[in-house]
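Asker: Structure incoming, see below.
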Amino acid sequence: MSLSKLPYHNQHALAIEHAKVVEVTGLQYAWEFSDENFTVGEEIQFRVTSKDVTHGFGIYNPDLQLIAQTQAMPEYTNTVAITFDEPGTYKILCLEYCSVGHHVMMKDIIVKPKGGNDNDN
Ligand SMILES: [Cu+2]
């Protein structure tokens, strides 16, 4: 018996196909992104790895609620998909103790409103 006709499979595949891929590398003690332009409503697929030890990649919304997470592990790539639904400053925090600089391992990302003045469409 096949499960391939269940509708959510196709929807999921479609969503991932249209997602913007952003490569993320954790390292003591920073986050490197291949792209830092984010817009409300855009599906983002973060592909997360580490250059050194295991880190925890946590995305916090402007209210500082954790909205997505995965592990950043050396020699592995973990994927987490998210669609930002409100503009503002989101924070990336490390969720895995990774040595003395762990608490400074954070990054702000700015999510712009949909159809803002500076889009290039
Ligand atoms: Cu850490």
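The values are calculated or read from the model by the stated rules, or taken from the named source; none is laboratory data. Worth saying up front: this structure is predicted, and the values here are computed from it rather than measured. FYI the Cβ positions are ideal-geometry reconstructions off the backbone, even for glycines, and counts take in every protein chain you see. Note: areas computed on protein heavy atoms with side chains; ligands, DNA, RNA excluded. Shrake-Rupley method; radii C 1.70, N 1.55, O 1.52, S 1.80 Å.
Asker: Need pairs with beta-carbon distance below 7 Å; first residue hydroxyl-bearing (Ser, Thr, Tyr) and within the stretch 36-50, second at pLDDT below 95 and open to solvent by 10 Å² or more (accessible area, probe 1.4 Å); sequence gap 6+ or separate chains.
Answerer: Here the result reads THR39/LYS114, each pair linking the stretch 36-50 to a residue that is at pLDDT below 95 and open to solvent by 10 Å² or more (accessible area, probe 1.4 Å).
Asker: Can you report the number of residues in the stretch 70-81 which are free of Cβ contacts under 8 Å to residues at least 60 places away in the same chain and either surrounded by fewer than 17 Cβ atoms within 10 Å (Cβ to Cβ) or more than 12 Å from LEU93 (Cα to Cα) (or both)?
Answerer: Filtering the stretch 70-81 for residues free of Cβ contacts under 8 Å to residues at least 60 places away in the same chain gives 70-80.
Going one step further and asking which of them are either surrounded by fewer than 17 Cβ atoms within 10 Å (Cβ to Cβ) or more than 12 Å from LEU93 (Cα to Cα) (or both), we end up with 73-80.
Looking only at that region, the number is 8.
Asker: Taking the residues in the stretch 43-90 that are in a strand (DSSP E or B), within 14 Å of the ligand (Cβ to nearest atom) and not polar (S, T, N, Q) as candidates, determine which candidate is nearest to VAL111 (Cα to Cα).
Answerer: That would be GLY58.
Asker: Give the residues of the stretch 92-115 that are farther than 21 Å from ILE67 by Cβ and away from the ligand (no atom under 16 Å from the Cβ), sorted by residue number.
Answerer: GLY115 - this is the single residue of the stretch 92-115 that is farther than 21 Å from ILE67 by Cβ and away from the ligand (no atom under 16 Å from the Cβ).
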